[in-house]
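**Q** Can you read through this structure? Questions will come right after.
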């Protein structure tokens with residue numbers, strides 16, 4: 001077993017800030033780190049100390065080649081980044097259903113380039129990343145691009161709600177009462193009653209960006225933000241483009 005390397009919370013290595021130790025094994029001591037771009041990764045302490053790991057690979061993807069094809073910050077890029085957060089970041093609200101129960105991803109998908117080489121076929125802007133077998137990991141043969149409705153029906157943790165004497169999933173409720181599926185669970189998490197959550201969407205909750213009109217909640221999910229983060233940016237008078245695309249600040253430790 002290699003000698004344990006002690007790093008301090010808040011210690012920086014390039015664009016990475018140490019958050020906490022997560023494990024020690026025969027490959028060394030590993031720490032959860034947050035990148036200045038907002039991504040979280042688990043890095044080997046020896047690689048950090050030697051300067052072999054100074055970002056979550058966003059530096060690699062800020063090169064001229066990336067700017068040329070415009071993938072950084074795109075929907076596929078966000079799907080990849082969010083997948084990694086669900087598997088690696090114990091502070092992520094979805095970690096318990098993914099990394100917390102052993103779900104991980106192909107080593108090739110540690111970089112966006114590897115992920116996109118495997119998954120660019122079949123991609124469309126109205127689709128989302130999904131695993132065919134929810135008990136298996138993220139890898140090419142087990143992943144596909146499907147609609148949100150199909151993904152909701154494929155989940156192992158469907159949320160059932162009893163309303164007016166009938167017990168239905170959130171997807172079934174959203175279809176029956178004509179409520180955007182992404183908005184309904186967010187309203188419930190924010191403490192709304194079922195009756196209020198199933199109510200109409202207020203005009204003020206809708207925004208238009210690049211010719212597409214959606215709810216603030218819908219856009220927030222698509223761009224890796226929370227509803228309150230996006231709403232706060234808009235209330236400050238930021239443009240919609242800046243509100244959606246400006247990276248979140250790194251946490252102050």
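The values are calculated or read from the model by the stated rules, or taken from the named source; none is laboratory data. The structure displayed is predicted, hence computed values, not measured ones. Cβ placement follows ideal geometry from the backbone for every residue including glycine, while neighbour counts extend to all protein chains displayed.
**Q** Considering only region 37-71, state which residues are crowded, with 17+ Cβ neighbours inside 10 Å, part of a helix (DSSP H, G or I) and modelled with pLDDT under 70.
**A** Once the filter is applied, which keeps residues that are crowded, with 17+ Cβ neighbours inside 10 Å, part of a helix (DSSP H, G or I) and modelled with pLDDT under 70, region 37-71 yields 61, 66.
**Q** What's the total number of residues in region 75-90 that are surrounded by 15 or more Cβ atoms within 10 Å (Cβ to Cβ) and not in a helix (DSSP H, G or I)?
**A** 1
**Q** Of all residues being farther than 18 Å from residue 222 by Cα, assigned to a loop (DSSP other than H, G, I, E, B) and free of Cβ contacts under 8 Å to residues at least 12 places away in the same chain in region 91-135, which is nearest to the chain's Cα centre (by Cα)? Just the residue, please.
**A** 102
**Q** Quick one: how many residues across region 1-18 are touching a residue at least 60 places away in the same chain (Cβ under 8 Å) and surrounded by 14 or more Cβ atoms within 10 Å (Cβ to Cβ)? Show your work before the answer.
**A** The initial filter retains those residues of region 1-18 that are touching a residue at least 60 places away in the same chain (Cβ under 8 Å), namely 9-10, 17.
Those left that are additionally surrounded by 14 or more Cβ atoms within 10 Å (Cβ to Cβ): 17.
Residues meeting the conditions: 1.
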